[in-house]
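For reference, the structure is listed below as structure tokens.
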Amino acid sequence: MVGCELWDAVACDSSLWGGTQPHIAAKGSVRAHRGRPSLPGRAPAPSHTVPDRMECPVWRDMWHSGRVARAGAVGTMGCLMNSDQTMPPGRDSLQQAGGGSPDADTFPPDIPTDRPTSARAYGWLLGSKDNFQVDRELVLGLLQAFPESVDEARSNRRFLYRAVRYLARDVGITQFLDLGSGLPVENNVHEVAQRFQQAARVVYVDNDPIVLAHGRALLADDDSTTVIQADVTEPATILHHPEVTRLLDLSQPVGVLQFGVPHCIPDDETARAAVLEPMEHVVSGSYLAVSHVVADDRETADEVTATISGLGMPWRTRLPDEFASWLTGFEAVEPGLVDLNDWRPDRNQPALTEVDPQLRPYLGATERYGKRTYEYGGVLRKP
């Protein structure tokens, strides 16, 4: 993982960028449930001395390899801030390091700190340090009402490993399109795929600029893997992106991955199209690995939707049958569409990174309190 110890539970606040600490105003109340842990108290964030940007390993790697400018004004966490820096003569541009993506020349990207993003919030649940106070507030607010959410997110990540392993090892898929990939942690798609198919090629797609920055730093020397910044609700744009056409041969089977993506798209038709349209452009024998947060009753689904939307993130929890109805044209791999914990479980698969101390009380909440929502999905073949 490309980690940055500066981006811990406090230091990632915009106060380090010369701004004010981001905050959110909840649009609705978060109901706590009897017998469930309450939101841990949080002291005001202390003041900090602005760190040297060379303390950030992402920035340091790019600096020494010449992938960022050595001239011009750059602020704290320069690898992620806006500036007018230009590349010195004779150096590879970040566009070249990133595989030629047309949006690479706007580096460093514009990082939104006034609202949570799904990539950063989800990443925190997986042990990533690359998040802001606004993201942590969303997660902790959600856990007041749904403490099982930590277990759900980590179940989804473990499913990623098993699904990609199945596609690479058992089916022989050698190219993958990971839509809504999120921040890199351990056992990323290209690492799992290349463990079983050395020549596997992977394109990561996410709309969060932090994902773009970290992905390009991680993959700068990997010609078989790239990351692009794009919106998963615009499948045609993604599929015609130069990086996608460079790495993926759409005349051969592709593994299309959408782990935990559809519930981040509130509109049903838009979410359905985001899942199905990429599959229209791939050949028979391609596969879709997909997951979605669901609830078994409408009241709970609507409560989760209202809670997360009220905390500042677009969201829609659906019922299992609603989601399954989108996928009737595919052949489900056994055991079909299920709670992800039941999809070919493997106690010997690699462990996940430990979570932040603030989240540790919620580990195992599913066993202690039960669960009203869960990650639901599976692997499906295009006939």
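Of all the listed residues (THR353, THR300, THR328), the sole one being closer than 15 Å to ALA145 by Cβ and of a type outside the set (Lys, Arg) is THR300.
VAL232 - would you say it is touching a Leu at 6+ places or on another chain (Cβ under 8 Å), at pLDDT below 95, part of a loop (DSSP other than H, G, I, E, B) and at negative phi? In short, no.
Among the conditions (1) buried (at least 22 other Cβ atoms within 10 Å of the Cβ); (2) over 29 Å from PHE132 (Cα atoms), VAL261 misses just one, which is (2).
Here VAL134, VAL139 are screened, and the one residue that is farther than 21 Å from ARG372 by Cα and of a type in the set (A, V, I, L, M) is VAL134. Just to be sure before I move on: is GLU269 crowded, with 19+ Cβ neighbours inside 10 Å, out of contact with any helix residue (DSSP H, G or I) (no Cβ under 7 Å at 6 or more places or on another chain) and either modelled with pLDDT under 95 or part of a helix (DSSP H, G or I) (or both) in the structure I sent? No, not satisfied. Does at least one position in region 232-254 carry a residue that is under 28 Å from ASN348 (Cα atoms) and not β-branched (Val, Ile, Thr)? Looking through region 232-254, none of the residues is under 28 Å from ASN348 (Cα atoms) and not β-branched (Val, Ile, Thr). Note on region 227-247: residues that are touching a Lys or Arg at 6+ places or on another chain (Cβ under 8 Å) and buried (at least 21 other Cβ atoms within 10 Å of the Cβ) total 1. Just to be sure before I move on: is VAL244 closer than 24 Å to ASP110 by Cβ, modelled with pLDDT of 95 or more and assigned to a loop (DSSP other than H, G, I, E, B) in the structure I sent? So VAL244 does not fit the description; no.
For region 327-346, a residue qualifies if it is closer than 19 Å to ASP170 by Cα and among the acidic types (Asp, Glu), and the qualifying residues are GLU331, GLU334, ASP342, ASP346.
The values are calculated or read from the model by the stated rules, or taken from the named source; none is laboratory data. None of the values given here were measured: they were computed from a predicted structure. Because the Cβ atoms are built from the backbone with ideal geometry, glycine has one as well, and the counts that use them run over all protein chains shown.
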